[in-house]
1. Near residue 101, which aspartates and glutamates are there with a Cα under 15 Å away, not counting those fewer than 8 places off in the same chain?
2. Give the peptides 310-317, 386-393 in descending order of average Cβ contacts within 10 Å, highest first.
3. Expressed as a whole percent, how much of the Cα-Cα distance distribution for the range 245-397 exceeds 23 Å?
4. If amide hydrogens are placed 1.01 Å from N in the peptide plane, which non-local residues have theirs closer than 5 Å to the one on residue 140?
5. How large is the accessible surface per residue of the chain, computed with a 1.4 Å probe and reported in Å² as a whole number?
6. In the chain, which helices (entire DSSP H runs) extend 30 Å or more along their own long axis, judged by Cα positions, while averaging at least 0.0 on the Kyte-Doolittle scale?
7. Using the charge dipole of the chain (Lys, Arg: +1 at Cβ; Asp, Glu: -1 at Cβ; taken about the Cα centre), state which of 262, 396, 319 has its Cα farthest towards the positive end.
8. With +1 on the Cβ of every Lys and Arg and -1 on the Cβ of every Asp and Glu, and nothing else charged, how large is the dipole of the chain about its Cα centre, in debye rounded to the nearest 20?
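The values are calculated or read from the model by the stated rules, or taken from the named source; none is laboratory data. The structure presented is a predicted model; accordingly, all values stated were derived computationally and were not measured. No Cβ is skipped: glycine too gets one built from the backbone with ideal geometry, and neighbour counts run over all protein chains shown. Side chains included, ligands, DNA and RNA excluded: accessible areas come from the protein's heavy atoms. Shrake-Rupley method; radii C 1.70, N 1.55, O 1.52, S 1.80 Å.
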Amino acid sequence: MLKIKKFPNTFTILFFLIAFFAMLTYILPAGKYTREMNEQLGREVPLPGSFQVIESSPQGFFDTLMAPISGFYDPISGVIGAIDVSLFVLMVGGFLGIVTKTGAIDTGIARIMVRLKGKEIYMIPILMVLFALGGTSYGMAEESLAFYGLLIPIFMTARFDPLVAVAVIFVGTGIGTLGSTINPFGTVIASNAASVDFLSGVELRFAILAIALVVGIGYVMRYAKKVQNNPESSLLAHLRNDHEQHFLGNKDTTSSLPVLTGPQQAVLVLFILTFAIMIYGVSVLGWWMAEMATLFIFMGILCGIVGRLSEDDLINSFVAGAADLIGVALIVGVARGIVVVMEAGNITDTILNYAEGLVAGKSSVLFINTVYGIEMLLSFIVPSTSGLAVMSMPILAPLSDFANTGRELVVTAFMSGIGTVLFVTPTYGVLMGGLAIARIPYVTWLKFIAPLVAFFVALNVIILSIGVTL
């Protein structure tokens, strides 16, 4: 029997997918939907039934090689791709480098663990609820990358592994997306594209959110407790020494409790304030990557000054912190290269047209679950929630009229579909970036998350089926 000795590196997977979709541009017919401006959305949307085959645009060898670069920005038009997200990641890395240099994080972690002695497990439900609220309310995603560097050492000091920290953050925000209630980048855009009020169907989405969150918290806590009781049961047991060296510096966590100085206390206050400002800026002020990156630069410098770092220490720690996340920043751009190849080869609309053909003429229950399956497939290819909403909703939502199904259910199926796939898709920069920060192999993550994703699929099918009968 053939055995895989080593699962491919994240970059290898992404480059393979870019090459695969480049080959599809030679196989699938190129096509385009006619689009018209939707004033409510402020952008053009495809018209159902308007798909036409156009001249093929196969992506050649050089186009395929250039796709990862184009994933950051379009070199011809100058349109921004993932470069803003990548720069944000680097600025977060620099910020964390400065804060770490002040010693505030290490000392703060030590004191937190003393206060939570024997109760560390309760950090999991508290934090997962907070992250889920961020996901369901404003679509918390890329900005969650800033929390990994903070929480991984805390959870490791509590005798958990990095997988627990990643699960708390990513499963928490992911469940929020799965059960998006008022997410402006998902539910609101999709509802507008489907020509329904975004509060229509919110009851079903809230039910998905509540049930998934309870089960998700229980699942993560069960694994965390098992690791805490028996470190050898960890899926990352073979990487423990590497993780301790990288995240804890092999410090003796049993040594006497260090004193948290006045400047360090002030740095920790600024640290927490930074994230509070970021959340407020995104949810209320409409901030995005540029504003958030600027915030982390400014607060990093301020933390360095308050922490009494010298000029050289401040600058060098910022550069070193950014350097630690270079791999993450690159992954985000390379992952977008897949979408670049598909759009340049004009096969994105072709795949959408196949989806349109699949759902036509189905019964209500079969129709809504087919839409759910289609959205899962499409979200694997196009991991952008808002982009996929504008692409698919104008096509799939009108088809619900012929299946005696409310359009708000199509919106729920859309959010459930993209919310399910984001847990496993290697084209999702936030997932691959988080795993890269935590130094967790992708295949290990799949082993951990697969049972939970299977439950989410079953839950969504049941909820959607109930929804069409009400």
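1. Those aspartates and glutamates meeting the cut-off are 311, 312, 313, 324.
2. The packing order, highest mean first, is 386-393, 310-317.
3. Values: 7264 of 11628 pairs.
Tail fraction, whole percent: 62.
4. Amide H neighbours of residue 140, under 5 Å, 5+ apart: 135.
5. Values: 20390 Å² over 470 residues.
So the chain comes to 43 Å² accessible per residue, rounded to a whole number.
6. Numbers: long enough: 202-229 (40 Å, 0.97); 262-283 (32 Å, 1.65); 442-469 (39 Å, 1.94).
The answer, listed by residue number, is 202-229, 262-283, 442-469.
7. Of the listed residues, the answer is 262.
8. On the way: 24 positive and 29 negative charges, 329 e Å.
My answer is approximately 1580 debye.
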